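Just below is one structure, and these are the notes that go with it.
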Amino acid sequence: GSEGHPGNHFAAADKDNLTALLAEFQNQLDAYGATTGKRYQLHAFTPADPAKVAAGWDVTKVFNYLDVANVQGYDFHGSGSDNSWEPNRTGHQANLYADPADPYNFHFSVEAAINAYTSQGVNPRKLTLGLAF
């Protein structure tokens, strides 16, 4: 699985467990909807870092259960893939494309974040992008 923030507990089964949890949520929503005559949607707040998407999300399966994913499209400056906050360094909050002059090896961008999902077959209509304001 994806370790998330440094220091968080994680296990190899996290990716499969997340998929199973979303499947169960959708089953429960469908069962409840059968009693109310309504369809309930399942949404999730998802990572923008392609490495965290690959490590923690079985994208080809979870979108069988998710109606919408809100990709965290902000805080794209920082140190490495943990995106640590650096008060003495500035960077664009939500750049559309990677900056070739970025001093870090890892380049966050909206393009890379969305491609982490669409390159695995996710319908773009199932993606929303959270942006800072």
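General remarks:
- Cα-centred dipole magnitude for the stretch 14-130, charges only on beta-carbon of K, R (+1) and D, E (-1), debye, nearest 20: 440
- Distance cut-off 23 Å, percentage of C-alpha pairs in the stretch 14-130 lying past it: 38
- Among beta bridges identified by DSSP and lying wholly in the stretch 14-130, the antiparallel ones come to about 10 percent.
- When Lys61, Lys52 are arranged by Cβ crowding within 10 Å, least crowded first, meaning fewest neighbours, the order is Lys61, Lys52.
Since every read-out is calculated from the coordinates, none of them should be taken as a lab result. Note that this is a predicted model, so its numbers are computed, not measured. FYI the Cβ positions are ideal-geometry reconstructions off the backbone, even for glycines, and counts take in every protein chain you see.
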